[in-house]
Amino acid sequence: MPTINAIDSNIPIEISKGGTNATSMANTDGVCYFDGTRVNTTTVGSANQLLMSNGSGNAPTFQNISSTFQINIQEFTTNGTYTPSAGMAYCIIEVYGGGGAGGGVTSTLPSTYSVGGGGGAGGYARGQFSATTIGASQAVTVPVAATGVSGSNGNNGGTCSLGALISATGGTGGTYGGSSTTVYGAGGAGGLGSGGQTNTYGAQGGWGWAAAATGIYFYISGGGASTPVGQGGAYVEVTHTVGGVGTGYGSGGAGSLNLTSQGNALAGGNGAPGIVIITEYIFSSTTLTYPVTVPNGGTGVAALAADGVLYGNGTSAVGVTSVGTANYALVSNGIGNAPTFQQVSMTSGVTGILPIANGGTNASSMGTSNGIVNFDGTRLVTSSTALLTSNVYSNSSQPSFRAYLSANKTGVTGNGANYTIVFDTPVWNIGTSYNTSTGYFTAPNTGVYLISAAVTLEAISVQDYCFLYFNCSRTNNSVSIERIKFTTWNQTFTASCLMNLTAADTVYVSFASYGEATNSESIGAGAGNTWFCGQFLG
């Protein structure tokens, strides 16, 4: 019969038997972990701390944690493999395709030219990708630079890519123009990006031209197209010259040039290779005490006053204003002083002129004391003539005018010709309603006007009948006044009338005399001889 032994409770059960290999746990509320021999417990740690690994051979501990951030850039100018840096959360990938080579040239005869066009720039793509999308690694493809070919089109630039995620095709090589008296080489087209949030074409290469006419010669090869990270090859203007090579990344090579009588063909300039640029955004964790300080991206304080406004305090903890009174504004108190809520000072706290739309005057001052304020279409102004004096309103700018004829008008009437007089010299023109170029007075207001005129008639040889007309633009509102039997030299005809005008009506003066065999009579000039005036009565 087998013997059953009692279990010794003081002997720990081994790990291999499903036990802990420990007789007790060192720390109440600690987290259990295996130390290589037995199950042990961490220290308890402080409230809100997180359990962090300290690496192989070291027990985990509770720590205060803060995330830190950094940027890392990787560039690929040849084929390779992109492996994300540790902690990479996402990256921005930029791809430039290779630049096309310039066109080559053939040999030429004594009367022919050959010219090549410039290579196109590589396309461009830019996209953002997460670490999950990138995965453990991605193949990077960056072909070698495109080369020029003697007497032929330049080779196309290569397509650059990162896996199947994003790519940009290369620029097309420049074409060549064979031996001829007039010849051109077309510039190569730019490549195109794909797979990014931004996908654009590269620039086209320059065209090359060569031609000759009687006494006129023109020849230049096509320059290579440039990119933001590469300079296109320089064009050439000298016979039997190879086009410039593209530099940097993605730029095209220039075309070559042969003028007359060149026995050898030439290759175009090489394009520049493409490039893949990866900007990584990396997050990592480090231990940090709290509250988080300003240099570590925190505020430096554990609590903030309710309804206050935060303000910077250098590397020290951020400050917070007092709440302030309702409807007060936050006002700067200058360098070294915290801002505070205050009532706004209209003298020191406000600059500029308040516009009409915001309830202001749109004016910084009023020009005339006691002047009546009116709106001129832009701002409020004070009248220099419309005034309030001792509570009495006066308006000396009531529309009125007086003008006279400054030079004699000879041979204008006598045999019935009705001559319109333009009184070209103003004595005054309040309201600027009289036009000295046309002789027309335009009524600015609707109402009654006193209109007067005087006309001096010269060179009278027989008994004349004369008519002075106040012509109005409104039908049936004109006035004619007759004066008979002018028989002597220099007779003046003066007349006045009241006219009821509507705003925008025009009035002008014309004069006619009858009795002469021809229109041989003249109208005499002068401020006291031939004049026209008007006054708005109300």
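The values are calculated or read from the model by the stated rules, or taken from the named source; none is laboratory data. Everything quoted here is computed from the prediction, not taken from an experiment. Here the Cβ is made from the backbone with ideal geometry for all residues, glycine too, and neighbour counts use every protein chain on show.
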| request: Can you give me the number of residues within region 151-171 that are assigned to a loop (DSSP other than H, G, I, E, B) and either in contact with a Ser or Thr (Cβ under 8 Å, 6 or more places away or on another chain) or under 16 Å from Gly230 (Cα atoms) (or both)? | output: 12
| message | For the structure I just gave you, tell me whether Ser167 is buried (at least 20 other Cβ atoms within 10 Å of the Cβ) and closer than 30 Å to Thr279 by Cα. | response | yes
| query | Is region 431-441 home to any residue that is at pLDDT below 95 and not in a loop (DSSP other than H, G, I, E, B)? | reply | no
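Rundown of residues vs (1) within 27 Å of Gly246 (Cβ to Cβ); (2) at pLDDT 95 or above; (3) outside the structural domain of Val229 (by TED's automatic domain parsing); (4) buried (at least 24 other Cβ atoms within 10 Å of the Cβ), yes/no style:
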site	(1), (2), (3), (4)
Gly99	yes, yes, no, yes
Gly102	yes, yes, no, yes
Val105	yes, yes, no, yes
Thr108	yes, no, no, yes
Ser111	no, no, no, no
Gly117	yes, yes, no, yes
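Restricting to region 98-121, give me the number of residues that are out of contact with any Cys (no Cβ under 7 Å at 6 or more places or on another chain) and either assigned to a helix (DSSP H, G or I) or over 30 Å from Ala212 (Cβ atoms) (or both).
2
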| field | Breaking point among (1) in contact with a Phe, Trp or Tyr (Cβ under 9 Å, 6 or more places away or on another chain); (2) modelled with pLDDT under 85, for Tyr508 | value | (2)
| Checking Asn21 against (1) modelled with pLDDT of 70 or more; (2) on the phi < 0 side of the Ramachandran plot, which single condition isn't satisfied? | (2)
| Which numbered condition trips up Thr368, out of (1) more than 24 Å from Thr293 (Cβ to Cβ); (2) loosely packed, with under 13 Cβ neighbours inside 10 Å? | (2)
| note | Apart from one, (1) touching a strand residue (DSSP E or B) at 6+ places or on another chain (Cβ under 9 Å); (2) surrounded by fewer than 24 Cβ atoms within 10 Å (Cβ to Cβ) all hold for Thr147; the odd one out is (1)
| Boolean, Thr378 is at pLDDT 95 or above and either touching a His at 6+ places or on another chain (Cβ under 7 Å) or over 16 Å from Gln535 (Cα atoms) (or both) | no
